[in-house]
């Protein structure tokens with residue numbers, strides 16, 4: 001009887017261990033099957049209307065290519081390329097400038113909603129090195145600059161020629177709209193590096209400023225950042241996810257209209273932004289806006 005009891009106890013132990021083992025294997029298998037794709041950022045995070053761009057995707061997935069889901073207007077097409085982490089984005093000239101959203105998905109799940117900005121002016125990708133005096137990228141206006149503060153204590157500098165009395169407007173998009181965890185600062189400096197104008201948090205954590213040149217000269221547009229969540233360090237911050245879009249123009253920059261909402265009836269819209277002084281535009285259901293906007 002004693003031997004039978006011992007055998008029974010041993011059998012129960014073996015059965016319990018096997019059950020735990022199968023349960024653990026099941027959990028691992030379930031975890032592997034439930035690994036939905038993720039996306040941390042795109043680069044660049046947009047393109048000009050009427051162009052086609054190959055855009056890099058950073059994140060995680062078990063198998064590429066991923067499928068694309070979104071409600072797009074006619075003329076906007078997004079598809080995964082064979083190369084892992086690469087998207088082809090095509091826009092026609094009929095696609096309106098603005099923010100569009102989509103997801104990438106596979107059989108395991110879908111990413112969070114991903115913003116994509118379609119702009120109205122030529123686009124430019126920064127070229128490194130451009131962080132020290134004399135290294136800045138020369139740009140022709142108007143332009144949207146696609147940049148990334150990824151190197152240690154990274155600073156980006158862009159060079160712009162201004163005539164006396166000309167106003168340079170700069171609008172930065174990263175934390176706002178794109179959700180990038182950075183707190184950026186824009187400075188307009190003279191050729192010696194002295195700060196002529198600076199802005200930090202005009203739109204949430206994103207900067208925006210306008211500077212009027214007092215004389216014909218070349219100015220430096222300098223960009224650097226701190227982390228969105230403050231810490232004890234006193235240093236510039238950088239990260240591969242610090243992707244931004246900077247609209248730079250000497251044209252009028254439409255910021256917003258008043259009132260902020262309209263009905264189907266015709267009404268006058270008060271235009272607000274750099275270069276606008278007591279101007280209005282009649283709303284009749286559709287309006288062509290001959291101005292550079294945030295996109």
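Any read-out appearing in this document is the output of simple, stated calculations on the displayed coordinates, not a laboratory observation. The structure presented is a predicted model; accordingly, all values stated were derived computationally and were not measured. Every residue, glycine as well, gets a Cβ built from its backbone with ideal geometry; the counts of neighbours run over all protein chains shown.
Before moving on, here are some points about what is shown:
- Sequence ranges 208-219, 177-188, ranked by mean other-Cβ count within 10 angstrom, highest first: 177-188, 208-219
- When peptides 189-196, 96-103 are ranked by their average number of other Cβ atoms within 10 Å per residue, the highest-first order is 96-103, 189-196.
- With Rh defined as the Kirkwood radius, the inverse of the mean 1/r over Cα pairs, the Rg/Rh of the stretch 38-119 is 0.94.
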